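To keep things clear, I will list the structure first and then write my remarks on it.
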Amino acid sequence: MKLLQHFIKERRDVLILWALTVLTFWIIGTLTGYDTSWLAYAALLSLFFTAIILGVSFVRFRKRHQRLQELKDDPAPEDRLPRPAGQIESDYDGMVRELSGSVRRMKRETADKSREDADYYALWTHQIKTPIAAMRLLLDAQPDPVKLRAELFRIEEYAEMILQYQRLDSPDSDYRFESVSLEPLVRAAVRKYAPFFVTGKLSVSLEGLDVTVNTDEKWLSFIVEQLLSNALKYTNEGGISVTFNDGELRITDTGIGILPEDLPRVFEKGYTGWNGRMDKKASGLGLYLCRRAADSLSLGLRLESVPELGTTAVLIFPDTPDVRD
């Protein structure tokens, strides 16, 4: 009964038109003096045909309503919607299809992001266990403060990585672009890794860094630190140089280098290549996060490498003038 009431409310224009038509004929007949006795029969006959038309429309209305009710929980209802009965319904049909497609895309993106987060946290959890296990072994054997500090540093580094990963896609990421002096930023990063330079007997050279760039200082520091960490990880002798020229910050090491077939994929999440397989501690996350952060800062990032000779990480600052402090 309630459905019938909704139908009559939607189609009341037909009944109003019927009533106005009968009233019009009655007024005309009265004003002109014609006999209007036939009007009652005509009204009843037209009402009969109107009722038939409305009855057929109600049957279609009820079928469409039931069909739509069945599709309420359908994940892809636009493929099974009833055919539009007119231009307005066609317009609504197009809107529903567009919105439904947008919802599905959002669901896929959310699911992909959730899987990506789960994969990263699983990798990070596995990674953090390595220095913890190493510290336990060192304590069980003979405490070595230098090595213990190195393992503690790794734990801190991995903890910082996961925090930065969470902030990359956060809507509250606090990007603040301003003039940043490169030299103090790079020197601070080098001081952070000073114990590794000392224990590895590696040299460090800084040249041409007395420049100012427009970027976010915190995120640039993160990128530089990760690139330094990656260079130290694969450099056993020689040293690392950091230079700036023509809008490019170059971090060059004398390490084992990267195979040509690995270079195109070094920024993929979890990809470690041949070097990573040789070094069981590699997670393939550092360079991935560097790429993500660089993209957020609109900076270019590439690696140049020759196996057995070393690798250069090139951070490109677009449209950056060579302004000396």
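For every residue, the table says whether it meets (1) more than 22 Å from R292 (Cα to Cα); (2) aliphatic (A, V, I, L, M); (3) in the same structural domain as A194 (by TED's automatic domain parsing); (4) part of a helix (DSSP H, G or I).
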position	(1), (2), (3), (4)
V224	no, yes, yes, yes
N236	yes, no, yes, no
V242	no, yes, yes, no
L249	no, yes, yes, no
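Exactly one residue out of T243, T252 is surrounded by fewer than 18 Cβ atoms within 10 Å (Cβ to Cβ), modelled with pLDDT of 95 or more and not acidic (D, E): that is T243. Can you name the residue in the stretch 16-30 that is of a type outside the set (V, I, T) and at pLDDT 80 or above and is also farthest from the chain's Cα centre (by Cα) among such residues? The residue in question is W26. Looking at the stretch 130-219, what strands (runs of 3 or more DSSP E) fall wholly within it and have at least 3 residues that are at pLDDT 85 or above and closer than 26 Å to T235 by Cβ? Per the criteria, 203-207. Kindly indicate the residue of the stretch 184-208 that is closer than 19 Å to E248 by Cβ and in contact (Cβ under 8 Å) with a residue 40 or more places away in the chain and also farthest from the chain's Cα centre (by Cα) among those meeting that condition. Checked the stretch 184-208; the qualifying residue farthest from the chain's Cα centre (by Cα) is V190.
The values are calculated or read from the model by the stated rules, or taken from the named source; none is laboratory data. Since this is a predicted model, take the numbers as computed values, not measurements. No Cβ is skipped: glycine too gets one built from the backbone with ideal geometry, and neighbour counts run over all protein chains shown.
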